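Right, one structure below, let's go through it.
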Amino acid sequence: MTRTIVSSATKEFAIGFDEPFCIIGERINPTGRKLLAAEMAAGDYSRVEADCLAQVAAGAHMLDVNAGIPLADEPKILAEAIQLVQSLTDLPLSIDSSIIDALEAGLKVYKGRALVNSVTGEDESLERVLPLIKKYDAAVVAISNDETGISEDPNVRYEVAKKIVQRAADHGISHDRIVVDPLVMPIGAMGTAGKQVFALLHRLKTELKVNTTCGASNVSFGLPNRHAMNAHFLAMAAAAGMTSAIMNPLHEEELAGIRASDVLLAKDANCLNWIKKYREPAPEGEAGAGSARGER
C-alpha cells in the first residue's frame, strides 16, 4: 500500500493507508490572525514558537508553516519561520505557500523531506511547482482544482487529481510523493458534500492509489457545534480512505474522532494508544487491587 515518506533532519514519518491517521497542525498560519500576521511581518516569532510547542504537545504528527502576509517579504519570513520551528521540534513540516519564490526559500533551508502545500491542476502551477518538488526531493499536496475552478462534480475533481499524478510522473515524481486534497465542500451549503467526498476518497485510494488530506474544518463552515461535526467527518473520511488532515490539534473532540477511527480501522494495535489516552487512573490506595481480587 502507498506510503508517503516525509522527514525532518532526525525523524521520518509515513502517511499511508495502513498507518495511523496523520494530524497536520494548521496553527502556524497568519491568515485571519491579524496579531500573528503583524508580529511575523515585524520579525517577532514568539507566537509561532508558542503555536509550535502547543501543537506538538497536543499530538500533531506534522506541522504546516504558512507566512502568507500581504505586502510582506514572504520568502524571508517563511524561511525564518521554518528554521525556528525546526529548532523547536523534530516533527516533519508542510511548507505552505502559493508563492513560488517563498516555496523555494523554504525548501532551501528545510532539513529533511518536506511536504509542499501545494500544487493545483492549473498548467502554470504544475510547470512551476513540480520542478521544485523534483529538485528538492519533496512530497506535495495536490489540490484537485484547475483553471475552471473547483467543480461541484467529484468526477471532475478526480480527473484533475489524475492529471496532476500523470504530470508529476512526467517530472520523475512517483505517485507515493503526492497527497491529494479532494476539496471538501461546506456541508451546510451542499448537502451531498459528505457523500461526494467519501466516494471520491475511495476512488483516489483504489484507482490512483494516492494518499489524501484536506482542510478538515471546511466541512462544518457556517454550522453550530463545529467540533462535533468535524470529529464525525474525520472518522468517516478515514474509513473512506483519507490518510491525513490539516487541522487544529488543540480541539480534543476532533482528536478523539481520529483516535477512534484508528482503533476501528485496526491502526491502533490492541487499542494501546486509545487506552493510554483515556484509561482512568486507579483511585489512590487501590493500585494493584485488581490483581489481589483477580482479573475478570
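At a glance:
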quantity	calculated
Number of the exception - residue 225 against (1) open to solvent by 40 Å² or more (accessible area, probe 1.4 Å); (2) within 25 Å of residue 118 (Cβ to Cβ); (3) out of contact with any helix residue (DSSP H, G or I) (no Cβ under 6 Å at 6 or more places or on another chain)	(2)
Number of the exception - residue 154 against (1) surrounded by fewer than 20 Cβ atoms within 10 Å (Cβ to Cβ); (2) over 27 Å from residue 92 (Cβ atoms); (3) in contact (Cβ under 8 Å) with a residue 40 or more places away in the chain	(1)
Residue 119 vs. criteria assigned to a helix (DSSP H, G or I), open to solvent by less than 30 Å² (accessible area, probe 1.4 Å) and among the β-branched types (Val, Ile, Thr)	no
Given (1) outside any helix (DSSP H, G or I); (2) out of contact with any helix residue (DSSP H, G or I) (no Cβ under 8 Å at 6 or more places or on another chain); (3) without any contact (Cβ under 8 Å) to a residue 40 or more places away in the chain, index of the condition residue 90 fails	(3)
The stretch 170-199, residues that are open to solvent by less than 60 Å² (accessible area, probe 1.4 Å), part of a helix (DSSP H, G or I) and either farther than 22 Å from residue 221 by Cβ or in contact with a Phe, Trp or Tyr (Cβ under 6 Å, 6 or more places away or on another chain) (or both)	176, 177
Of residues in the stretch 1-57 being closer than 21 Å to residue 248 by Cα and of a type in the set (Val, Ile, Thr), the one most open to solvent (accessible area, probe 1.4 Å)	31
Qualifying residue in the stretch 203-218 (condition: touching a Ser or Thr at 6+ places or on another chain (Cβ under 9 Å), at pLDDT 95 or above, open to solvent by less than 10 Å² (accessible area, probe 1.4 Å) and in a helix (DSSP H, G or I))	yes
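The values are calculated or read from the model by the stated rules, or taken from the named source; none is laboratory data. As the structure is a computational prediction, the values presented were derived from the model and not from experiment. Reconstructed Cβ throughout: ideal geometry from the backbone, glycine too, with neighbour counts over all protein chains shown. Accessible surface is based on the protein model in full, side chains and every heavy atom, while ligands, DNA and RNA are left aside. Shrake-Rupley method; radii C 1.70, N 1.55, O 1.52, S 1.80 Å.
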